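Visitor: First the structure, then my questions, so here it is.
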Amino acid sequence: MKKTLILILLLLAASTANARIFNGRRKGFVLGGGLGFAPVIKWTETAYESFGRGFEASDKEAGMGVNLAIGYAWSKNNMIVYEINAAGYKTKIEYYNSDSTAWQGMDGFLWYHYFGTPGRSLYTITGLGFYQLKVNGHQPDVVGQALLLGGGFELARHCQIGVYWASQLKARGPDPDKSHLNVLFTVFAY
C-alpha cells in the first residue's frame, strides 16, 4: 500500500510539474511528505492459547517517523488529505527474531485546520483510518480502526512542524493496543 501511494504521488508530481496547480495559496490540490522523530512507539497484544490461558507481548521503543499525504484544500484554512503516518524501529522481541524491523502506523483521511493565512499559522489535525503493525514486512495481526490527533505550526509557506498521535481503537476479542507519537517536519505543495 505504501509503495502504491508513493508511486501515485511521484506520478502526480511529475505530471503537474509545469501546471499551475501549486499556486502557494493553500487552496486546491495538495501534496506533502515529512520526516522526523518518533519518541514513543508502542504496542501490546494479548493472545489466547487453548484452555483459555493467555500471554502478553509488548514493545515500546523510539524510532523514525514519516508521513505522506495527498488531498484537497477547499479554503485557505481547511484541507482534507489521505495520509500515511507511520513510525519505524528495530524491535528486540524474541517472538519476531531479535533485531527485526517493525513499522506501525495509520493510513486514513485527515482534516488539517489552519488558524491563519499561509506562511505563519497554528494548525490542528484530526483523522480516522486504519492502524496496522508490520514486522519484517509481515503483518502479524488484524488491521484495526484508528484515530489520529495532532497540531503544529506552519514555519513558512509549504513548511511546517507538527506533533501527531495515532492510536488503534479498541477492537473485539484480544485487546490490541498500538500507538505512536511522531514529531515531523513536513513540506506541503499547494
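Each value in this text was obtained by applying a stated rule to the coordinates, not by laboratory testing. All values reported here derive from a predicted model rather than from experimental measurement. In this analysis, Cβ positions are derived from the backbone assuming ideal geometry, glycine residues included, and neighbour counts consider all displayed protein chains.
Visitor: Please report Ile41, Ile125, Ile161 as a ranked list, fewest other C-beta atoms within 10 angstrom at the top and most at the bottom.
Guide: Ile161, Ile125, Ile41
Visitor: Another one. Could you list His113, His158 so that the one with the fewest beta carbons within 10 Å of its beta carbon is first and the one with the most is last?
Guide: Fewest to most other Cβ atoms nearby, the residues stand as His113, His158.
Visitor: Continuing with this model, one more query. Pop the C-beta distance of Trp165 and Thr117 into the FRET formula with R0 = 35 Å and round what comes out to the nearest 0.05.
Guide: Taking R0 as 35 Å, the efficiency between Trp165 and Thr117 is 0.85.
Visitor: Got a sec? How would Thr186, Thr124 order by Cβ neighbour count within 10 Å, fewest to most?
Guide: Thr124, Thr186
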